[in-house]
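A.B. asks: My questions will all concern the structure given below.
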């Protein structure tokens, strides 16, 4: 895995490299989450590599990286609606507390917003991760297999 895979939004990557990069960043995020003081900072730093691999996948099938803002915007709106409808306790709940909260009847409406945000994020991830890229060069560069041969 080269550093350009995770740090430069230019170019294209195939599905395999996307999933390898995605897994690497997710594992690094989980490990960072276990560190008490530097973990939150590392978690923020790891947002960039995640954004980069998504942008490169979008480029692989001819879409602009700006499309990545769509699921982010939906999640932001859903989170605000969740909080506005009485779900502020869900936003910062620890896992054990979260399980108790989701059973409460007053959390049904806020949970719908959380579920919509989650569904949009998963659908976008699957679309980006499983869509076949353009076989030929496009405006974002050569196809990943062609680029590795050059």
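A.B. asks: What's the number of the condition residue 49 fails, among (1) in contact with a helix residue (DSSP H, G or I) (Cβ under 6 Å, 6 or more places away or on another chain); (2) within 18 Å of residue 123 (Cα to Cα)?
C.D. replies: Result: residue 49 passes all but (2).
A.B. asks: When residue 43 is evaluated against the numbered criteria (1) at pLDDT below 95; (2) surrounded by 14 or more Cβ atoms within 10 Å (Cβ to Cβ); (3) out of contact with any helix residue (DSSP H, G or I) (no Cβ under 6 Å at 6 or more places or on another chain), which criterion, by number, is the only one it fails?
C.D. replies: (3)
A.B. asks: Moving to a separate point now. Of all the helices (runs of 4 or more DSSP H) wholly in the range 72-150, which have at least 3 residues that are surrounded by fewer than 13 Cβ atoms within 10 Å (Cβ to Cβ) and either more than 23 Å from the chain's Cα centre (by Cα) or without any contact (Cβ under 8 Å) to a residue 24 or more places away in the chain (or both)?
C.D. replies: Filter on the range 72-150 gives 95-103, 108-130, 144-149.
A.B. asks: Could you say whether any residue in the range 20-39 is more than 19 Å from residue 123 (Cα to Cα), crowded, with 16+ Cβ neighbours inside 10 Å and more than 18 Å from the chain's Cα centre (by Cα)?
C.D. replies: no
A.B. asks: Also, quick follow-up: Among the candidates 69, 35, single out the residue that is in a loop (DSSP other than H, G, I, E, B) and free of Cβ contacts under 8 Å to residues at least 40 places away in the same chain.
C.D. replies: Only one candidate qualifies: 35.
A.B. asks: Going by what's in this entry, would residue 54 be described as surrounded by 14 or more Cβ atoms within 10 Å (Cβ to Cβ), in contact (Cβ under 8 Å) with a residue 12 or more places away in the chain and in contact with a strand residue (DSSP E or B) (Cβ under 8 Å, 6 or more places away or on another chain)?
C.D. replies: no
A.B. asks: Regarding the range 66-73, can at least one residue be identified that is under 18 Å from residue 144 (Cα atoms) and touching a helix residue (DSSP H, G or I) at 6+ places or on another chain (Cβ under 9 Å)?
C.D. replies: No: the range 66-73 contains no residue that is under 18 Å from residue 144 (Cα atoms) and touching a helix residue (DSSP H, G or I) at 6+ places or on another chain (Cβ under 9 Å).
The values are calculated or read from the model by the stated rules, or taken from the named source; none is laboratory data. What you see is a predicted model, and the numbers here were worked out from it, not measured in a lab. Here Cβ is always computed from backbone atoms with ideal geometry, including for glycine, and neighbour counts include all displayed protein chains.
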